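Asks: Could you have a look at this structure, given as C-alpha cells, before my questions?
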Amino acid sequence: MPLSKATLNDVAALAVLVNTAYRGKESLKGWATEAHLLDGMRIDEETLAAYLNDPDTTILKDTNENGQIEACVYLQVQAQKLYLGMLSVLPHLQAKGIGRKLLQAAEELAKATHCPVISMTVISSRHELISWYERRGYIKTGEVLPFHAETKFGIPRGHIELLVLEKNVE
C-alpha cells in the first residue's frame, strides 16, 4: 500500500509501533533495537500528538492491507533542512525494504518543501545502523550531540552521544 500521512487518530498505534521497534523484548527480533542501550519508552502518545499538531512536521506511515501501521518516519522542516527521525519498522518486517521506501519518501518531501538537505541524528555506537544510512548516501558531518537530557525518550544505560548525518538531495 502507498505511504500516507499519519493523523491524530493514529497516535496510539504509532506509539505501539515505535516502542515495539526500538525497545523491549519484541524489538530484539529486529536489527534496529536500542533495548541494549536504553530503558523506558522511545515515545509517548502526548509527544506524538504534539508532533502531529505541528504544521512543520509530517509523520508518514506504511500500513498493511488490514490498515495496521507497520512502519513510520518523522519528518520536520527546520529552515533549509528536513530533519528525519523515528524511522520505525515492526521488528519482524525489518530488512524487507520498508525502511528504504520511507527514506525515498523523505527525499521526495524534502524536495517538495525546498529542503536541499536531510539531517538526522544516530546513536554513535549504532555502527550497523550508521553503515546502513551511509550506504544510502548519508554522510557523517563530524557534529556530535549529547543524548537528550530529559528521560522521556529513554533512560540511557551508559554514556550516549548522537552523530549528525546528512544527505544532499538536490
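Just so it is clear, none of the values below were taken in a lab; they were calculated from the coordinates. From a predicted model like this one, the values you see are computed outputs, not experimental measurements. Note that we place each Cβ from the backbone using ideal geometry, even for glycine, and neighbour counts take in every protein chain shown.
Asks: About the Cα centre of the chain, what is the dipole size in debye to 20, counting +1 per Lys and Arg Cβ and -1 per Asp and Glu Cβ, all else neutral? Before the final figure, lay out each step's value.
Replies: On the way: 18 positive and 21 negative charges, 99 e Å.
Dipole size: approximately 480 debye.
Asks: What residue among ALA49, ALA21, ALA35 has the largest mean-square fluctuation in a Gaussian network model of the chain, using Cα springs under 10 Å?
Replies: Looking only at ALA49, ALA21, ALA35, the largest GNM fluctuation is found for ALA49.
Asks: For PHE147, which sequence-distant residues (separation of 5 or more, or a different chain) have an amide H within less than 5 Å of its own amide H, given hydrogens modelled in the peptide plane?
Replies: ILE160, LEU162
Asks: Then there's this: What residues from region 57-93 fall in the zone where the backbone N is under 13 Å from a label point 7 Å along the Cα-to-C-beta line of SER4?
Replies: Within reach of a label on SER4: 60-70.
Asks: Another one. Give the order of ARG126, ARG42 when sorted by the count of other beta carbons within 10 angstrom, beginning with the fewest.
Replies: The order, fewest Cβ neighbours first, is ARG126, ARG42.
Asks: Would you calculate the separation in nanometres between label points at THR141 and ALA79, each defined as 7 Å from the Cα along the Cα-to-beta-carbon direction?
Replies: Calculated label separation equals 0.9 nm.
Asks: Normalised by the residues of the chain, what does the relative contact order come to in percent, with Cα pairs under 8 Å and at least six apart?
Replies: Relative contact order comes out at 23 percent.
Asks: Going 7 Å from the Cα of THR113 along its beta-carbon direction, which residues of region 59-74 have the amide nitrogen within less than 20 Å of the resulting point?
Replies: Residues 59-63, 71-74 qualify, since their backbone N sits under 20 Å from the label point.
Asks: Between region 123-169 and region 1-71, what's the alpha-carbon centroid distance in Å?
Replies: When both Cα centres are located, 18 Å separates them.
Asks: Toward the positive end of the charge dipole of the chain, about the Cα centre and with charges on Cβ (Lys, Arg +1; Asp, Glu -1), which of THR47, ILE130, PHE153 goes farthest?
Replies: Positive-most Cα among the choices belongs to ILE130.
Asks: How do TRP132, TRP31 rank when sorted from fewest to most other Cβ atoms within 10 Å of their own Cβ?
Replies: Listed from fewest to most nearby Cβ atoms, that is TRP31, TRP132.
Asks: Using DSSP, restrict attention to beta bridges with both residues in the chain and report what percent are antiparallel, rounded to the nearest 5.
Replies: Bridges in the chain are about 90 percent antiparallel.
Asks: With charges set only on the Cβ (+1 for Lys and Arg, -1 for Asp and Glu), what does the dipole of region 1-56 come to about its Cα centre, in debye to the nearest 20?
Replies: In debye, rounded to 20, region 1-56 gives about 320.
Asks: Listing HIS92, HIS36 from the residue with the fewest other Cβ atoms within 10 Å to the one with the most, what is the order?
Replies: Lowest count first: HIS36, HIS92.
Asks: Here is a follow-up. Tell me, what does the Kirkwood hydrodynamic radius of region 4-168 come to in angstroms if you use every pair of distinct C-alpha atoms?
Replies: Values: mean 1/r = 0.0623 Å⁻¹.
About 16.1 Å for region 4-168.
Asks: Ordered by residue, what ³J(HN,Hα) values in Hz, to whole numbers, does region 59-70 give under the Karplus form 6.51 cos²θ - 1.76 cosθ + 1.60, where θ = phi - 60° and Gly and Pro are x?
Replies: Each residue's phi maps through the Karplus curve to give 10, 8, 10, 10, 10, 8, 5, 8, x, 6, 6, 10 Hz.
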